[in-house]
Structures are given as structure tokens and as C-alpha cells.
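The values are calculated or read from the model by the stated rules, or taken from the named source; none is laboratory data. As the structure is a computational prediction, the values presented were derived from the model and not from experiment. Cβ coordinates were reconstructed from backbone atoms using ideal geometry, including for glycine residues, and neighbour counts include every protein chain displayed. SASA here: full protein model, heavy atoms, side chains in, ligands and nucleic acids out. Shrake-Rupley method; radii C 1.70, N 1.55, O 1.52, S 1.80 Å.
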Amino acid sequence: MTSKADIPKEAGRPPLNVRPSMEGQRRDSGSQMPTLPPDNACDEPAPEAPGGAGKGAIATDPATGKGFDKVYGVRPKTTWHLKPSMEKNLWEYICSLDIGPDTAYQRRDDNSELRGPPPIRPMWEENLFIISTGSIPLLLHTAWNFLLPEHPMHWAPAWVMYHLSFIVFAKVMIRRLHYFMAEYGCFDEQNRGRDMVDDKHVNHLGRSIFIYTVFRTLGPFLLAWRGDMANPLAGLSWATPFKMAWWEIALDYWFYLYHRSTHEFDALWFIHRQHHATKHPTPILSILADDIQECLEIFIIPFLATAVSPKLSFAELHLLVVYTLYVEALGHSGIRAIWRHPILGQFLRVMGAELAVEDHDLHHRFGKSGRNYGKQTRIWDRLFGTIGERIETPLN
């Protein structure tokens, strides 16, 4: 965790008398849940950013001349999560799936017993979970075509089944991540809990999540559905893990180029800016973004990765959709554990390019000046010298 000496004494302090102008109408949250910083704090580091970088979160109150926390000192309003379930709209209900354990949103008490070294999650257990849960629509599709060979499943009802199965997978996965957030704790928890989306952004985030599920599950149909798809499992072989690994590394290459560019070129920062409203994210906040970033990450970057990868079958593409969601959600969970990439982990470990959950967690804490631009691997960060130093994860 960040040293107490590195955290400005003004962290969490609001302006005392007259507030500086904010973007849009803002009110302090009446909730006990930590919420996203205001929009004009997206550029700034969290006060808890390591190495003294948190000083960038402190501004001077023009009325008093005293410092205040412009990131977490002025809170957007968040009340949507307090509504009864029947009063939530669809987008609020979708976002409520990521309301985690109360302890995740709270700063860990100074008197609490310190946790030991981050535990290591066994990758065989994670792969077992992903494959057993994520393969359900493939197995149902195969069973239908086997039992009704004269009436193979049409692509339209097949997509509905795959889409609904993907939503179930996402829900079970998020609940599982919440369990480990409570079990293992979260990075930087001695300084701050996790963020929750505020009332202004909740409907946009809910819609974005729905759009993500629709178009990510359409991908395998558009790229690999051929004929009547009598055997949906066709194409799976001993080479499948290697082809999937290639695709994940290619995906990370294109993501790295776009991601680093938005941070380093001021003219492009608007694309990615909203995503940095959260400094301590949760799994579902991996999708918090403006429209251009959504188009890039849902459509363009996966297409470019596919274009430079070996030909992938329908089943392989479906599994990649599942694995990619898992890694993206895990990377934004903040879970305090050594939790390797389920496909690339062992291979990257040998190269010293293994991504840790803490890497992307630190990226968010640094704001616009962040390092650790990769989201699947550390390969490109290592090659181009943009690796940030870890604090709690004992990995090279």
C-alpha cells in the first residue's frame, strides 16, 4: 500500500467555504458508499497515488487559501443504489449487479490486523470455472444439433442463447470476484475503499454494459458462423490454447497503442478521460467510458487483433469473448492477490511480463500520468519502458 507519508494531509478534505466551479451541478453524496470523483478530476491522480504523485490531487481553496482534495473532497451524488429493487430502472439494475461487499467500499481500520503477503490463486481453478461456465452455450448448441439433426439451430435463436448465457456467466463471475474482494481484501484498502458509480453516470454505464454484451457475443457469429454450424465445437484442438494466447497478445498490442496514445497526446485524452473518473475501480467499472472508447474497445481493437491472428473457429472466438471479459473485470476488481492471466500467466511469468491485478489498479490511481498501459499482459509495457513499480505484489 502507499505509505502514509506519501499521502497529502488534505486527502479527502472538501473546500471549506466557497467551492471552485465544477462541471455540472454537484452535491455532496449523502451515502456512505464512496463514489466516483467529479468529472473535472478525471485527469488527476488519486491522493493515494504512490511516490508522492498524490500531491497532484490537491488544490487551493480560493476563499481560504487552504488546500483541499479536488479528486475525493467534492463528491458527486449517489443515491440510486438505495432504491428498492422494484424502483430501479433497467440500467440501475444492471449496475447493481456490481454492488460488492460493504467492506470493499470502506477504508480498512488502522487497528485491523495487517494482512500477510497476497495469496496466490491457483490458475487451474480459474480455468475450470471459466471453461465449465463459459462453455454452457456451446454444449447446449451441440446437444440441440445432435438430438435434432434435421433442424440445426438457426443463428438468430442461437445468438439469443449465447447472449443470455454470457450474461449469466458475467453475473456469476462478478459475484465470485466479490467473494474474493471480501476474502482477500483490496489493494490500497488501508487508505481508501473502492468507488461506486454516481447518479449522473449510472444510466450511461448500464447502457454501455448492455451494448458490450450484445456486440461482444455477436462477434463470433459475424466472424465464424458458417452454413448450419452442425458441429459448433469444430476447430477445437491442441492448438487452441496457442491460438487464443496469440490473439490475447495481439489484442493487448493494439490496446496498448491506443491506450498509451490517449494518455500521452493531449488531443486524444478526451477519448479515455471518463474511464479515469474511478481511481479505485470495481469489476463493472471496467466498462465506464465515453462513446468513442466504447467503439474502439468493443469493435475496432478486437477486429484488429483477429486480423493479425491465426484463423479462429466459432468455439475459439466464443471462448475468447468469455476469457477477455474475465480478465478485464479481474483487472478492475482490485483484489489483493497474485492472480495470473488464465491463459498467458505461466508463459509470461518466464518472460517477466506477467500482468498483476495491482498493475492496472495503480494505473487508475495515477490518472492521466499513469503507466502500466497493458490490460492483458506486461509485454508491451516492458518493451517500451512504461512499467510502473508495484507496491504490494511481490512479482518481478
**Fill in**
Phi-derived 3J(HN,Hα) across the range 377-390 with the Karplus relation (6.51, -1.76, 1.60, θ = phi - 60°), rounded Hz, x for Gly and Pro, is 9, 10, 4, 6, 4, 5, 5, 9, x, 10, 6, x, 5, 7
**Request:** At 7 Å along the Cα-to-beta-carbon direction for both E183 and A156, put a label point, then send me their distance in nm to one decimal.
**Result:** 4.3
**Complete:** Quick note, the range 331-396: a/c under 1.5 would make it rounded; otherwise a/b > b/c is prolate and the rest oblate (a ≥ b ≥ c, C-alpha gyration tensor); here it is oblate
**Asked** Alpha carbon centre of the range 84-103 versus the range 183-229: separation in Å?
**Response** 14
**Prompt:** What does the highest-first list of 262-269, 300-307 look like by mean Cβ count within 10 Å?
**Reply:** 300-307, 262-269
**Message:** Pairs of alpha-carbon atoms within less than 8 angstrom and 6+ residues apart define the contacts here; what relative contact order does the chain have, in percent?
**Reply:** 22
**Asked** Given only helices, namely DSSP H runs of n ≥ 4 each adding -39500 (n - 2.57), what is the per-residue ellipticity at 222 nm of the chain, to the nearest 500 deg cm²/dmol?
**Response** -13500 deg cm²/dmol
**Fill in**
Here P(r) for the range 265-309, Cα-Cα distances in 5 Å bins, as whole percents, is 5, 20, 23, 22, 18, 10, 3
**Request:** Can you send over the carbon and sulfur percentage of the accessible area for the range 157-309, probe radius 1.4 Å, protein chains only?
**Result:** 70
**Request:** Would you mind working out the accessible area per residue for the range 95-181, using a 1.4 Å probe, and quoting it in Å²?
**Result:** 58
**Request:** Could you order peptides 289-295, 335-341, 222-228 by the average number of other Cβ atoms within 10 Å of their residues, highest first?
**Result:** 335-341, 289-295, 222-228
**Prompt:** In whole Å, what three semi-axes, largest first, describe the equivalent ellipsoid of the chain built from its Cα gyration tensor (square root of 5 times each eigenvalue)?
**Reply:** 38, 23, 19
**Prompt:** Rounded to two decimals, what ratio of Rg to Rh does the range 188-247 give with C-alpha atoms and a Kirkwood Rh?
**Reply:** 1.22
**Item:** Degrees between helix 199-224 axis and first principal axis of the chain (Cα, 0 to 90, nearest 10)
**Value:** 20
**In degrees, nearest ten, helix 136-147 long axis to first principal axis of the chain (Cα)** = 20
**Request:** Set the Förster radius R0 to 35 Å, insert the Cβ-Cβ distance between Y93 and V350 as r into 1/(1 + (r/R0)^6), and round the FRET efficiency to 0.05.
**Result:** 0.20
**Prompt:** Ranked highest first by average number of other Cβ atoms within 10 Å, how do 103-109, 147-153, 82-88 line up?
**Reply:** 103-109, 147-153, 82-88
**Request:** Find the lysine pairs in the range 123-384 meeting two conditions, Cα atoms under 19 Å apart and a separation of 8 or more places or different chains, and report how many there are.
**Result:** 5
**Prompt:** With axes computed from alpha carbons, what is the tilt in degrees of helix 123-134 against the longest principal axis of the chain, rounded to the nearest 10 within 0 to 90?
**Reply:** 60
